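For reference, the structure is listed below as structure tokens.
The values are calculated or read from the model by the stated rules, or taken from the named source; none is laboratory data. Values in this document were obtained by computation on a predicted structure and should not be read as measured data. Here Cβ is always computed from backbone atoms with ideal geometry, including for glycine, and neighbour counts include all displayed protein chains. With ligands, DNA and RNA removed, areas are computed over all heavy atoms of the protein, side chains included. Shrake-Rupley method; radii C 1.70, N 1.55, O 1.52, S 1.80 Å.
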Amino acid sequence: QVQLVESGGGLVQPGGSLRLSCSPSRSILEFSAMGWYRQAPGKQRDLVARRTWSDTINYADFVKGRFIISRDTAKNTVYLQMNSLKPEDTAVYFCHAILAGSDYWGQGTQVTVSS
């Protein structure tokens, strides 16, 4: 079983920054893809950013130029740096990973952007 442990959410003012972290129970190099999704109340869960085994990175249009996905293999952690945050970025953010064709999800971390 794979576990994904997230951290880094919280309350931030518009225009501020936050960094989310995701640490899996297995080496991040084993996963065919790792990334972040988000879900606002009453809305579907949407892809935010994803990095595949071939180092292909995809961003949702609504975060391009503001969010950056990265990883630190030494710390076995994937990050989502979120800059220029807007109130509409408020959501629960989930770490997601694919291993051997199976999907794994973190427990989610709340990000609230409000003045």
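List of remarks:
- Residue 29-residue 103 pseudo-label distance in nm [points 7 Å out on the Cα-to-Cβ vector]: 2.8 nm
- Computed extension length for residue 57-residue 76: 5.0 nm, one decimal, from 0.36 nm per residue of separation with the Cα-Cα distance subtracted.
- Model label points for residue 19 and residue 114, set 7 angstrom from Cα along the Cα-to-Cβ axis, are 2.6 nm apart.
- Inter-label distance for residue 45 and residue 68, nm, one decimal - labels placed 7 Å from Cα along Cα-to-Cβ: 2.7 nm
- Percent accessible area from carbon and sulfur atoms, the range 38-115, protein chains only, probe 1.4 Å: 48 percent
- For the chain, averaging the sequence separation of C-alpha pairs within contact (under 8 Å, six or more residues apart) and dividing by the residue count gives a relative contact order of 37 percent.
- Using a probe of 1.4 angstrom and keeping all protein chains present, the accessible surface of the chain works out to 53 square angstrom per residue.
- All C-alpha pair distances within the chain, sorted into 10 Å bins from zero, spread as 15, 51, 29, 5, 0 percent across the bins.
- The antiparallel fraction among DSSP beta bridges confined to the chain stands at about 95%.
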